[in-house]
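Working notes, beginning with the structure itself.
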Amino acid sequence: MRWGTKVARLAVAGGAAGVLVAGIALPVVGGAGLGFRTVANEVDIKPVDLVEPPPAEITIVRDAKGKAFARFYDEYRQAVAFEEIADVMKTAIVAIEDYRFYEHGAIDLEGTLRALATNLRSGQVSQGGSSITQQYVKQVLLNSADTDAGRAAALEASYARKLNELRYAMGVEEKYTKDQILEKYLNIAYFGAGAYGVEAAAKRFFGVKAARLTLAQAATLAGAVQDPNATDPNLGRKHRDRLLNRRDVVLNRMAELGKITPAAAAKAKAAKLGYKGTKLPGGCESSKYPYFCLYVRQEILSNPDFGPTADARLKLLNRGGLTITTTIDPAMQAAADRAIKRYVHAFDAPVAAEALVEPGTGAVKAMAASRPYGRSKARNEISYNVVADAAHGGGVGFQAGSTFKTFTLITALKQGMKVDDGLTAGAGYRAPGYATFKNCAGENIGDPTHTVTNDEGSPGFKTLRTGTWGSVNTFFMELEQRVGLCETVTTAKSLGIRRADGRALQEYETFTLGINEMDPVTVAAAYAAVAARGTYCAPRAITRITDRDGEATAYRPKCRRVLDPATADATADVLSGVFTKGTMRHVGGIGRDAAGKTGTTDDYAAAWFAGFTPDLAAAVSLGDPRGSQRHKLTGVTIGGRYYGAVAGGTLPGPIWKDTMVGALAGVPPTSFTPIDQARFEGCSEGCRPTADDGDVTVEPEDGRPELEDDRPELEDD
């Protein structure tokens with residue numbers, strides 16, 4: 001009882017003298033005969049419940065087959081259960097950090113007496129004497145701090161902090177068993193080299209799970225927690241030498257306490273450090289699927305469902321310990337990667353990009369590009385998501401060219417035209433007057449001073465079929481004049497079309513010629529709606545998110561009917577002829593029902609192909625990210641081959657074909673629903689097909705550009 005009285009008096013005197021450590025250091029739970037209650041009451045030390053936000057854990061992103069391909073984190077940590085930690089690791093950490101951990105309460109009397117003597121001599125808190133429970137409390141407070149000031153307060157060398165820690169430690173000891181406290185401590189502690197928690201440390205240091213740590217390895221990790229920055233093996237030889245010395249200190253202590261034999265200690269000390277420095281996978285740059293990874297990341301960061309603010313969403317992603325299951329199909333991704341690599345090299349100036357989207361669900365099955373993602377100029381990396389729009393980490397995109405003619409075709413079919421209805425297309429098209437076209441704001445758009453030409457394309461009478469197969473510019477200008485500019489824009493918007501840069505669509509008379517910059521995901525999703533017989537589904541990358549507690553939330557497709565099925569079927573029927581009678585005739589089909597449209601922009605600034613089967617849609621773009629209007633696809637070497645000019649059927653078409661053949665290998669072919677002949681076949685009264693009908697000029701098989709004027713008058717990027 002005399003010790004308790006002395007401690008209480010010393011606490012009062014120490015407070016006046018600025019040496020409050022006496023009141024902090026001595027009270028102890030479980031010290032028999034030491035008068036804890038009296039001391040606690042006199043210095044107001046009572047248990048306080050510690051708010052324990054879960055420590056930051058890595059978020060793991062998995063493909064559709066369940067395999068991880070990306071990780072996001074602020075702190076690389078994977079929490080594990082007590083039984084998933086090797087017993088030798090538990091023994092080592094207790095031996096060196098708090099050997100009486102299982103015998104004392106919130107504080108260790110012997111350790112604190114030792115610290116008290118040192119602190120009284122120095123006049124400040126120079127030695128902690130902290131128990132494992134107190135260390136756990138400090139880590140929780142540090143990890144909970146949202147500001148630099150809060151983090152500094154959690155680490156400051158003050159009596160107030162120590163007293164606070166003690167109150168919380170007493171609360172923790174009342175709340176948990178010793179095994180539970182040790183598990184929590186081992187999962188929150190920092191071991192150096194960027195590894196938080198024992199599981200991450202075991203993998204980082206030695207390439208093993210925490211359950212399989214050896215004696216020498218466990219002693220190394222136990223030694224690291226005292227000063228993980230000073231013993232960080234990544235920082236050089238001196239740091240590794242210090243870590244090796246700390247390991248031996250732990251082994252000696254374990255032998256001294258009888259936890260291991262002297263022989264076992266000697267054998268472990270004879271072993272090399274064995275640090276492997278296993279890479280900590282994380283971020284999209286290290287992902288196998290970097291562009292899809294970027295897409296998923298932005299899906300989380302931009303969605304208010306995951307937090308009220310951008311900071312809250314980022315915190316959830318990097319610290320929440322989520323498991324995100326996605327739509328990416330490894331086999332389809334591999335097919336896209338192979339196809340692009342075959343035709344476009346990573347060091348080529350132009351970049352090819354491709355997205356695969358599943359009709360009826362909007363599931364993004366693959367996102368591929370010819371250049372690697374990153375910031376290294378030496379490796380010709382690209383620092384944004386070239387496959388997606390700006391909202392998903394992308395850039396401004398490339399003008400989509402004649403892929404937009406499909407929306408004018410659809411509009412004509414919606415308005416009752418039959419596939420053999422047609423009109424006469426001249427060698428050039430000029431709007432009859434300023435009021436010829438009106439945008440969706442009702443403004444006059446037509447410019448009678450601007451002429452759209454076909455160059456080598458053939459003028460004459462064209463039907464919906466032949467005009468589409470030949471991709472005749474003047475035909476589609478006449479057709480858009482007939483069906484309406486705003487009506488065509490409205491059709492495109494219903495199919496999810498929006499500019500890659502997020503700005504409003506440019507609604508000029510050349511809209512049908514693809515003057516708007518697009519991204520492959522958006523274009524593929526639009527074409528997928530035709531494949532799904534008129535059901536548009538927003539592109540979807542995430543199917544399920546499981547939180548750290550195992551609670552799962554499923555994310556279902558967001559779909560809407562935008563076309564009646566018969567109109568979609570008629571569109572597919574017309575577009576299927578592009579492979580047999582049109583601008584993809586030299587490339588050929590894929591051995592199953594398929595439909596699509598080439599796209600080449602003004603003066604070969606960019607080239608596209610977008611197409612679909614009933615089971616899968618894809619869009620391929622090709623352009624120079626330095627600025628497609630300044631760096632056109634003329635006189636270029638791509639994939640080791642020289643091209644005088646690159647059109648939609650020159651490279652994007654073959655890439656699309658190879659991708660689809662590989663991606664659908666093993667998938668039973670599905671047929672298109674036949675066209676409603678009574679509604680769409682033939683022509684309305686007054687149509688007059690001629691001998692010219694059906695004539696198209698296509699790209700020869702030597703890879704030279706198709707001889708169509710698939711090229712609108714366009715503005716600079």
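The values are calculated or read from the model by the stated rules, or taken from the named source; none is laboratory data. For clarity, every value in this text was computed on a predicted model and none was experimentally measured. Counting neighbours? That spans all protein chains shown, and the Cβs are built from the backbone with ideal geometry, glycine included. What goes into the accessible areas is simple: the full protein's heavy atoms, side chains included, and nothing from ligands, DNA or RNA. Shrake-Rupley method; radii C 1.70, N 1.55, O 1.52, S 1.80 Å.
Tabulated data for the structure shown
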item	result
Count - residues of the stretch 602-624 that are over 22 Å from MET367 (Cβ atoms) and open to solvent by less than 10 Å² (accessible area, probe 1.4 Å)	1
Pairs where the first residue, in the stretch 238-264, is over 14 Å from THR91 (Cα atoms) and basic (Lys, Arg) and the second is open to solvent by less than 80 Å² (accessible area, probe 1.4 Å) and assigned to a helix (DSSP H, G or I), C-beta under 6 Å, 6+ apart	ARG240/PRO233; ARG246/GLY223
Residue match in the stretch 404-426 (condition: touching a residue at least 24 places away in the same chain (Cβ under 8 Å), open to solvent by 10 Å² or more (accessible area, probe 1.4 Å), among the hydrophobic types (A, V, I, L, M, F, W, C) and touching a strand residue (DSSP E or B) at 6+ places or on another chain (Cβ under 6 Å))	no
Residues being within 22 Å of ALA64 (Cβ to Cβ) and of a type in the set (Lys, Arg) - total across the stretch 293-327	1
Of all residues in the stretch 288-309 being open to solvent by 60 Å² or more (accessible area, probe 1.4 Å) and either aromatic (Phe, Trp, Tyr) or assigned to a helix (DSSP H, G or I) (or both), the one that is farthest from HIS392 (Cα to Cα)	ASP305
Helices (runs of 4 or more DSSP H) wholly inside the stretch 149-240 that include at least 2 residues being farther than 23 Å from ASP74 by Cβ and at pLDDT below 95	159-175
Answer residue from the stretch 134-183, given it is among the acidic types (Asp, Glu) and touching a residue at least 60 places away in the same chain (Cβ under 8 Å) and is least open to solvent (accessible area, probe 1.4 Å) among those	GLU173
Among residues of the stretch 578-612, those that are assigned to a helix (DSSP H, G or I), more than 24 Å from PRO668 (Cβ to Cβ) and in contact with a helix residue (DSSP H, G or I) (Cβ under 9 Å, 6 or more places away or on another chain), counted	2
ALA500 vs. criteria open to solvent by less than 10 Å² (accessible area, probe 1.4 Å), in contact (Cβ under 8 Å) with a residue 60 or more places away in the chain, closer than 25 Å to ASN439 by Cα and out of contact with any helix residue (DSSP H, G or I) (no Cβ under 9 Å at 6 or more places or on another chain)	no
Hits in the stretch 58-106 (condition: within 31 Å of the chain's Cα centre (by Cα), open to solvent by 30 Å² or more (accessible area, probe 1.4 Å) and of a type in the set (D, E, K, R))	ARG62, LYS65, LYS67, ARG71, ASP74, GLU84
Sole residue being assigned to a helix (DSSP H, G or I), of a type outside the set (Phe, Trp, Tyr) and under 34 Å from the mean Cα position of the chain (by Cα), chosen from THR491, THR567	THR491
Subset of the stretch 434-454 [part of a loop (DSSP other than H, G, I, E, B) and closer than 28 Å to CYS683 by Cβ]	THR436, PHE437, GLY446, ASN454
